[in-house]
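The block underneath contains the structure these notes are about, expressed in structure tokens.
The values are calculated or read from the model by the stated rules, or taken from the named source; none is laboratory data. Fair warning: this is a prediction, and the values are worked out from it, not measured in the lab. In this analysis, Cβ positions are derived from the backbone assuming ideal geometry, glycine residues included, and neighbour counts consider all displayed protein chains.
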Amino acid sequence: MDDSPVRVYADYACPFCYLTHHNVETLRAGGHTVDFDWHPYDLRAERRDTSGRLDPTRIQYPAAVAQRIDQLRNEAGAKEMLPVQEVPKVDSFNAQLLSLYSQAEHPDLWADIDAGLFEALWQNGRDIADADVLTDIAVTAGVDASTLPAALGDEQLRDRLSERFAAARRNGVTDVPTFVTESRTIAEYLPAEELQQLFSAE
């Protein structure tokens, strides 16, 4: 058995990624060990203008997609998840930036920040593009608030995040969540029992 963690590509603005987060937490609550290597992905990269800006107000879910999200929400028992129509449409770049920063500088706090970002948007309807919201999430996890303005404004860190997005696409990732192991790549939402099998097999 390969001891390398499963590589998981995700975007905090993706409802299927939130449901994956919910299922991972369900497995952990049931006593299962779930280790993975998080990689950021910009789900809406193609909607950005030439300066990199994204207009979240133009983001809409087709009726069939919204219905599918609601169906999976019910199947997963994710009662805490807001209906997709009530979740603000956001640019997740800064949230991904905070996650990448904490992964490098505060790896012991990353899991709490990762959870905090998902829960802020999908459970509480907070704008995770907002600096005050991001600061609150980071401080709650244990990060010194005084370090955040410099971190979120760090151009080298922003460039590194953009390169991680580009690397994901070079590696063939076109959607999220995507799970990559030594033997296979799965680009779709997985219910908890299939996630357990994936993490147990690799």
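A quick yes/no check of all residues on (1) hydrophobic (A, V, I, L, M, F, W, C); (2) surrounded by fewer than 16 Cβ atoms within 10 Å (Cβ to Cβ); (3) touching a residue at least 60 places away in the same chain (Cβ under 8 Å):
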| position | (1), (2), (3) |
| --- | --- |
| THR135 | no, no, no |
| ALA141 | yes, no, no |
| PRO149 | no, yes, no |
| GLY153 | no, yes, no |
| LEU157 | yes, no, yes |
| ASP175 | no, yes, yes |
| LEU198 | yes, no, yes |
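Screening the candidates THR33, THR20 for the property of being in contact with a Phe, Trp or Tyr (Cβ under 8 Å, 6 or more places away or on another chain) and more than 15 Å from GLY77 (Cα to Cα) yields one hit, THR33.
Please go through region 25-37 and give me each residue that is touching a Lys or Arg at 6+ places or on another chain (Cβ under 8 Å) and not in a loop (DSSP other than H, G, I, E, B), ordered by number. Within region 25-37, PHE36, ASP37 meet the criteria. Of all residues in region 147-195 being modelled with pLDDT under 95 and among the polar types (S, T, N, Q), which is nearest to ARG48 (Cα to Cα)? By that ranking, first place goes to ASN171. Taken together, LEU117, LEU54 contain a single residue that is in contact (Cβ under 8 Å) with a residue 12 or more places away in the chain and either in a loop (DSSP other than H, G, I, E, B) or at positive phi (or both), which is LEU54. The number of residues in region 99-114 that are assigned to a helix (DSSP H, G or I), without any contact (Cβ under 8 Å) to a residue 40 or more places away in the chain and surrounded by fewer than 22 Cβ atoms within 10 Å (Cβ to Cβ) comes to 3.
Of everything in region 124-183 that is aliphatic (A, V, I, L, M), touching a strand residue (DSSP E or B) at 6+ places or on another chain (Cβ under 9 Å) and part of a helix (DSSP H, G or I), the residue that is nearest to ALA111 (Cα to Cα) is LEU161. Of the residues making up region 1-52, those that are under 17 Å from SER162 (Cβ atoms) and either in contact with a strand residue (DSSP E or B) (Cβ under 6 Å, 6 or more places away or on another chain) or aromatic (Phe, Trp, Tyr) (or both) are TYR9, TYR12, TRP38, HIS39, TYR41. Selection of region 117-156 for residues being more than 14 Å from PHE93 (Cα to Cα) and either in contact with a His (Cβ under 7 Å, 6 or more places away or on another chain) or β-branched (Val, Ile, Thr) (or both) yields THR135, ILE137, VAL139, THR140, VAL143, THR147.
The set of residues in region 127-160 being touching a Pro at 6+ places or on another chain (Cβ under 8 Å) and of a type outside the set (Gly, Ala, Ser) consists of ASP127 alone.
A quick yes/no check of all residues on (1) among the acidic types (Asp, Glu); (2) surrounded by 15 or more Cβ atoms within 10 Å (Cβ to Cβ); (3) over 18 Å from ARG169 (Cα atoms):
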site: VAL6; (1), (2), (3): no, yes, no
site: THR26; (1), (2), (3): no, yes, yes
site: LEU43; (1), (2), (3): no, yes, no
site: PRO83; (1), (2), (3): no, no, yes
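Does THR50 satisfy the condition of being within 24 Å of ALA168 (Cα to Cα), of a type in the set (Ser, Thr, Tyr), surrounded by fewer than 14 Cβ atoms within 10 Å (Cβ to Cβ) and modelled with pLDDT under 95? When the stated conditions are applied, THR50 passes them.
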